[in-house]
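Peer 1: Pasting in a structure now, in structure tokens, and then I'll have a few things to ask.
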Amino acid sequence: MILVIDYGMGNLRSAQKGLEKSGHEAVVSSNPDDIGQADGILLPGVGAFKDCYDGLTSGGFVEPILQAIEADIPLLGICVGMQMLFEHSEEGEGSPGLGILKGNVTRFPHATDTGLKVPHMGWNRLQLVQERPCPILQNLSDDPYVYFVHSYHPVLDDDLTTYATATYGYTFPAVVGRDKIFGTQFHPEKSQLEGIGILKAFGDFVEKNVN
């Protein structure tokens, strides 16, 4: 069973339905005690980074998430859920993150600097790092496009944690991870067949991890 964490922020039902459409059982829970019983974890996130992280903290989710990672339970972070895997975000007055991945979250330059509107919103091409295969990207087409809505993106201390990139004025990490931890800056649950393929691959990865 994959647990979708309900901490008051995120497209919970969309993520749950996406997983179920891909053939995997998903349960939404606001109880941090359920995390340790899950086979896999999905951490969604929509809105301001600090609000999301404060929601995790006040809900008592931070320590159970870190313990689950220590226990090798696979985790997928989506959008701000992915950003919170990093050490810090500069959004607003700044906020710490979970510190699971090395790096910080920074803003796209203002439109006056690049001519591109912020937030980055809409379909964009996903560019896979060919020398670094990722288990959750194995179902993608040859020319995958996915759906983004974000003003911030991670800047990694270690490029070895980047599985795929996208370009919006410049190249930024779109899929990151290490070991059994994965994060997508885009929304798989809004990315139609490509997104369902990613959620299915994550669910398959979770099942193999259990077995």
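Peer 1: Counting only residues that are assigned to a helix (DSSP H, G or I) and hydrophobic (A, V, I, L, M, F, W, C), how many does region 3-20 have?
Peer 2: So in region 3-20, the residues assigned to a helix (DSSP H, G or I) come out as 12-20.
Okay, now just the ones that are also hydrophobic (A, V, I, L, M, F, W, C), so 12, 15, 19.
The total comes to 3.
Peer 1: Which one of these does Leu199 not meet: (1) in contact with a strand residue (DSSP E or B) (Cβ under 7 Å, 6 or more places away or on another chain); (2) within 21 Å of Gly10 (Cβ to Cβ)?
Peer 2: (1)
Peer 1: Now for a different question. Suppose the filter is touching a residue at least 24 places away in the same chain (Cβ under 8 Å), among the acidic types (Asp, Glu), closer than 17 Å to Ile78 by Cβ and touching a helix residue (DSSP H, G or I) at 6+ places or on another chain (Cβ under 7 Å); does Glu194 pass it?
Peer 2: no
Peer 1: Cβ-Cβ below 6 Å, separation at least six or inter-chain, first residue in region 171-184 and over 22 Å from Ala15 (Cβ atoms) and polar (S, T, N, Q), second surrounded by fewer than 23 Cβ atoms within 10 Å (Cβ to Cβ) and at pLDDT 95 or above: which pairs?
Peer 2: Cβ pairs passing all conditions: Thr171/Thr165.
Peer 1: Could you say which residue among Ser89, Ser95 is hydroxyl-bearing (Ser, Thr, Tyr) and more than 19 Å from Phe148 (Cβ to Cβ)?
Peer 2: Ser95
Peer 1: Moving to a separate point now. Which residue is farthest from Ile78 (Cα to Cα), if the candidates are limited to region 21-36 and must be assigned to a helix (DSSP H, G or I) and modelled with pLDDT of 95 or more?
Peer 2: Looking at residues that are assigned to a helix (DSSP H, G or I) and modelled with pLDDT of 95 or more, I get Asp33.
Peer 1: Here's something else I'd like to know. Go through (1) closer than 24 Å to Lys190 by Cβ; (2) touching a helix residue (DSSP H, G or I) at 6+ places or on another chain (Cβ under 6 Å); (3) not β-branched (Val, Ile, Thr) one by one and return the number of the condition Ala68 breaks.
Peer 2: Of everything listed in (1) closer than 24 Å to Lys190 by Cβ; (2) touching a helix residue (DSSP H, G or I) at 6+ places or on another chain (Cβ under 6 Å); (3) not β-branched (Val, Ile, Thr), Ala68 misses just condition (1).
Peer 1: Something else: Out of the residues in region 47-74 that are in a loop (DSSP other than H, G, I, E, B) and touching a residue at least 60 places away in the same chain (Cβ under 8 Å), state the one that is farthest from the chain's Cα centre (by Cα).
Peer 2: By that ranking, first place goes to Asp72.
Peer 1: In region 37-46, how many residues are over 18 Å from Asp204 (Cβ atoms) and either over 16 Å from the mean Cα position of the chain (by Cα) or not in a loop (DSSP other than H, G, I, E, B) (or both)?
Peer 2: Count: 2.
The values are calculated or read from the model by the stated rules, or taken from the named source; none is laboratory data. Just so it is clear, the structure is predicted and the values come from calculations on it, not from any experiment. As a convention, Cβ positions derive from the backbone with ideal geometry for all residues, glycine included, and neighbour counts pool all protein chains shown.
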